[in-house]
Every structure is written in C-alpha cells, then in structure tokens.
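Enquirer: Sharing a structure, written as structure tokens. Questions coming.
The values are calculated or read from the model by the stated rules, or taken from the named source; none is laboratory data. This structure is a prediction, so every number in the text was calculated from the model and none was measured. Note that we place each Cβ from the backbone using ideal geometry, even for glycine, and neighbour counts take in every protein chain shown.
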Amino acid sequence: MFTGLIREMASVQAYQNNELTVKAEYAPCIGDSLAINGACLTVVKTSEGSFTVELSPETQHHMATENLKAKVHMEPAMQMGDRFEGHIVQGHIDCIGEITQIKNNGNSTDFFISIPEEFQGFLVPKGSITVDGVSLTINEVLDDGFRLTIIPHTIKESLFAIYTKGYKVNIETDMFARYIFHLFKPKSKESVSWDDINKITALY
C-alpha cells in the first residue's frame, strides 16, 4: 500500500524487455515493493546506487511504458507505523489517461485529463485520484475525464513540470469509489448517482 506522496525522482538507467533499472538515493532490498509512476513493482536486483524491478506483461499493458525514461516518480511501500498522508493507493493502474489541456491560472495550473469511458464511474467530485503515482484531488468531473488544480510546489517537484498536451499518464482511481461502484452495480440496471450514494451513507 502507498500514500501517493512521491519519495524522490529516480533516474532511469535502462528499460529492456521486462526489467527496469533506476538510480535512486533510496536503497531497497530484493523482494521489496515500491511504486514507479504509480505502478506497484517488485525489486528483483540491487546494486550500489540503483535497483531493478520487474514488469509483468499485464503491468506493461496497463501503464504508459513510453514514459519509463529520464525521470520517474518513486515511492516505497508503507511500513507499519508510518505517518499516513495522501490517500490509500494500491499501486494498481486502472488505465492510461491523456492530458488534453493545460491552463495556467497564475498561482496554480489546471490540468484536464481524459480517461476511457468505462472508468468515468469511479470519478468523484473532490475525491481522490492518482496520476503517475501522485495523490491528487479531483476539482471537477467532466464528460470524458476530470480537471485537477496543481500548485507550483507540486509541479516543481514532480513530472507535472514536463507534462504537455497529449502526454499519457498512469491513472489509479480511488479504491473506495471502485468498491462502492461495484457494490451497487449488480443490484440494479438503473444507474446510481453520487447523490444517491450520499443519501445512503447519511443513514449510517
């Protein structure tokens, strides 16, 4: 489990076949889990100043592997007793999103990201979303995706600094939104709105 708070920007040394080798200050052990651009991966090799993780065909299919170059987001898995920040992130990429618009607002920047239609139901206004492993808040749910408002500090310390229109990003929707969606979906053919869910949770 992760929090969506990036530990450091690691440097890619090599990505070949199913193995990714990165250089980082953090020194994991073989068998450790960590997130690279939001994908939970297992360390299979270590050396001084670098380590290698393995990507299964399933993982490669669901994430934007073309971005495994230069810099990547890296976060080690949480340990018992760690301070909990961000939100609960599993490191399981749902889909690949695409940045469709970037709007500078002076002291913040809006990023508009589109995602496949089948994942729209997992988006919650003011809810959590993970973009390339970064825990963020959805400011607005759109017909084909969502809008984020990013502060300068986050942009400076993450890959958001290099994002451009058309850039592909890894998306993990909120775990609780997925659970609620699947909890109610089989019981009725009628769609359930978030207003309906808010009324139901208010009863408890």
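Enquirer: Only one of Thr100, Thr65, Thr46 is in contact with a Gly (Cβ under 9 Å, 6 or more places away or on another chain), among the hydroxyl-bearing types (Ser, Thr, Tyr) and at negative phi; which?
Expert: On inspection, the qualifying residue turns out to be Thr100.
Enquirer: Could you tell me which of the residues Ile138, Ile129, Ile113, Ile99 is within 28 Å of Glu19 (Cα to Cα), under 13 Å from the mean Cα position of the chain (by Cα) and not acidic (Asp, Glu)?
Expert: One residue alone meets the criteria, Ile129.
Enquirer: Which one of these does Asp143 not meet: (1) loosely packed, with under 14 Cβ neighbours inside 10 Å; (2) touching a strand residue (DSSP E or B) at 6+ places or on another chain (Cβ under 7 Å)?
Expert: Result: Asp143 passes all but (2).
Enquirer: Please go through the range 1-51 and give me each residue that is of a type in the set (S, T, N, Q) and touching a residue at least 12 places away in the same chain (Cβ under 8 Å), ordered by number.
Expert: Within the range 1-51, Thr3, Ser11, Gln13, Asn18, Thr21, Ser33, Asn37, Thr42, Thr46, Ser50 qualify.
Enquirer: Can Ile155 be described as touching a helix residue (DSSP H, G or I) at 6+ places or on another chain (Cβ under 6 Å) and either assigned to a strand (DSSP E or B) or under 15 Å from Met9 (Cα atoms) (or both)?
Expert: Against the criterion (touching a helix residue (DSSP H, G or I) at 6+ places or on another chain (Cβ under 6 Å) and either assigned to a strand (DSSP E or B) or under 15 Å from Met9 (Cα atoms) (or both)), Ile155 qualifies.
Results for (1) at pLDDT 95 or above; (2) within 17 Å of Asp94 (Cβ to Cβ); (3) not assigned by TED's automatic domain parsing to the domain that holds Ala35, shown as yes or no for each residue.
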{"position": "Ala161", "(1), (2), (3)": "yes, no, yes"}
{"position": "Thr164", "(1), (2), (3)": "yes, no, yes"}
{"position": "Tyr167", "(1), (2), (3)": "yes, no, yes"}
{"position": "Asp174", "(1), (2), (3)": "no, yes, yes"}
{"position": "Ala177", "(1), (2), (3)": "no, yes, yes"}
{"position": "Ala202", "(1), (2), (3)": "no, no, yes"}
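Enquirer: Being touching a residue at least 12 places away in the same chain (Cβ under 8 Å), in the same structural domain as Met175 (by TED's automatic domain parsing) and within 20 Å of Leu5 (Cβ to Cβ) is the requirement here; does Ser114 meet it?
Expert: Taking the combined requirement at face value, the residue does not satisfy it.
Enquirer: Separate question: Inside the range 16-120, counting only strands (runs of 3 or more DSSP E) that do not spill past its ends, which hold 1 or more residues that are among the charged types (D, E, K, R) and buried (at least 18 other Cβ atoms within 10 Å of the Cβ)?
Expert: Output list reads 71-76, 95-104.
Enquirer: Something else: Is it the case that the range 122-131 has a residue that's aromatic (Phe, Trp, Tyr), at pLDDT below 95 and assigned to a helix (DSSP H, G or I)?
Expert: Yes, the conditions are met somewhere in the range 122-131.
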